[in-house]
Each structure stands twice: as structure tokens, then as C-alpha cells.
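Here the structure is laid out as C-alpha cells; the discussion comes afterwards.
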Amino acid sequence: VWGRGVDTALFNPTRRSELLRDRLLGDGGIVLLSVGRVSEEKRLGVLLDAFAELRGRRPEARLAIVGEGPARTRLEAAAPPGVEFLAAQRGRALAEVYASADIFCFPSTTDTFGQVLLEAAASGLPAVAAAAGGAPELVEHGATGLIVPPDDARAFAAALTELVDDSPLRFALGRRALAAAQRRTWDVAHRDLLDAYATVRARPRPPARLAA
């Protein structure tokens, strides 16, 4: 299996921007982040329901949703206070958004891998993710983030509340997520692929079969 990697020169905690963070926070105290296509299969409605429940307990929380898609108009109209929708970002601008947040949110149940989870981890963010698709491969529950049942807004809200309330846990998960991402660079992925090729090439070839 040829795994995917992350560009740790681009995505890393040094990209943190206090100006951007101040913009996202307003008068709040902690920034949650979602990045990706704004569409129904990404389960952003579940995230908004979870965030509304979190805001009832922790009004200092803010949520930034980065991306474009067919569900943006509907979701933006239905979003609770404290949510800001941002246009899709790329390159350094996207890296700054990651590094300026505190917690990454991944409610999707359809992503077979979840590249954004690697980018968030490389930026030092712990994740709360649904136990579906590729997320459990990239988020180790209790080590680099928290895994919750799919499509369960209440469980998602409880996990977010835990990380908002417990800053030592949040920072510890973020540090371990960063360390894990640094072991999944593109250089590592390419080396694994070349090693696989070398292994196959070194195997003795079966003797040619002669026609009868």
C-alpha cells in the first residue's frame, strides 16, 4: 500500500498568525476549524448542531468553516452565532488558518482518507473526528485526538467540550498529532514506495514456460 503524505514545510505551527487569530476569535476564546468541500456528505450539519450545543455551554467558542460547495448558502443561513464561513484557501493562506486554530473538526463519514486531518495534525491541532472512512487511521483516540460515533452531534459536542475545558489535554494531543504527522511526510511515503519496488525487483523470476 502506497500511503499519502503531508508537506510539513508548508503545514506547521510556525504559520500561526495572531492577526488572523484575532479576526477569527473576535471577543471569543478558542477557535474550532473545519476545512473541506461544503456539501451534504461532509456532515457539516452535524458539526453545526454540535457547535450550537457547545456554544450553550461555552459561549467563548468560535467555529471557522473554510471551503466552498453547494451546501454553503443553506448551512450559512442555518448556522448558530459564532460561526464564520470563509472562502476556500490554498497554500500559505490555508496553512495560516490551520496554525491559527485550536481544534480541528472532521464530522465527515465518506472520506476514504482525509488529507485535511494530516494537514491539521502537521499544524499541531488535535482533531475530533467521526469514526468512519479513513479518520480512525489518522486520528488515534486519546493520543492525537478524539474519535466519536458517526452522525452523533451530542457525542461530537461532548468531545469538543472536553478539549475546550482541558487545555493540558488539548495541547498534549496536539503535540502528539504533530509528531505523528512528521512521520508521514511525502518523503517517507515516496521512500516506502521505492522500497516496495526494490523488494519486488529482488525476487527471483519464475522460469519461463515453454509452449507444448
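Okay, here's what the table says:
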item	result
Search result, residues across region 1-45 that are touching a Leu at 6+ places or on another chain (Cβ under 6 Å) and aromatic (Phe, Trp, Tyr)	Trp2
Leu48 vs. criteria open to solvent by less than 50 Å² (accessible area, probe 1.4 Å), over 18 Å from Gln115 (Cβ atoms), free of Cβ contacts under 8 Å to residues at least 40 places away in the same chain and out of contact with any Leu (no Cβ under 6 Å at 6 or more places or on another chain)	yes
Filter result (closer than 22 Å to Asp166 by Cβ and open to solvent by less than 10 Å² (accessible area, probe 1.4 Å)) within region 126-138	Pro126, Ala127, Val128, Ala129, Ala130, Ala135
Leading residue by the ranking (farthest from Leu173 (Cα to Cα)) among those in region 1-45 that are β-branched (Val, Ile, Thr) and open to solvent by 40 Å² or more (accessible area, probe 1.4 Å)	Val1
Matching entry among Arg15, Arg74, Arg21, Arg43 (being out of contact with any Lys or Arg (no Cβ under 8 Å at 6 or more places or on another chain) and over 26 Å from Thr110 (Cα atoms))	Arg21
Verdict on Arg16 being touching a residue at least 40 places away in the same chain (Cβ under 8 Å), under 17 Å from the mean Cα position of the chain (by Cα) and closer than 24 Å to Leu163 by Cβ	yes
In region 89-125, the residues that are free of Cβ contacts under 8 Å to residues at least 24 places away in the same chain and crowded, with 21+ Cβ neighbours inside 10 Å	Leu117
Hits in region 57-88 - residues which are open to solvent by 70 Å² or more (accessible area, probe 1.4 Å) and within 17 Å of the chain's Cα centre (by Cα)	Glu68
Subset of region 142-154 (residues that are open to solvent by less than 30 Å² (accessible area, probe 1.4 Å), free of Cβ contacts under 8 Å to residues at least 40 places away in the same chain and of a type in the set (A, V, I, L, M, F, W, C))	Ala143, Leu146, Val148
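The values are calculated or read from the model by the stated rules, or taken from the named source; none is laboratory data. None of these values were measured; they are calculated from a predicted model. As a convention, Cβ positions derive from the backbone with ideal geometry for all residues, glycine included, and neighbour counts pool all protein chains shown. In case anyone asks, the SASA skips ligands and DNA or RNA and just uses the protein heavy atoms, side chains included. Shrake-Rupley method; radii C 1.70, N 1.55, O 1.52, S 1.80 Å.
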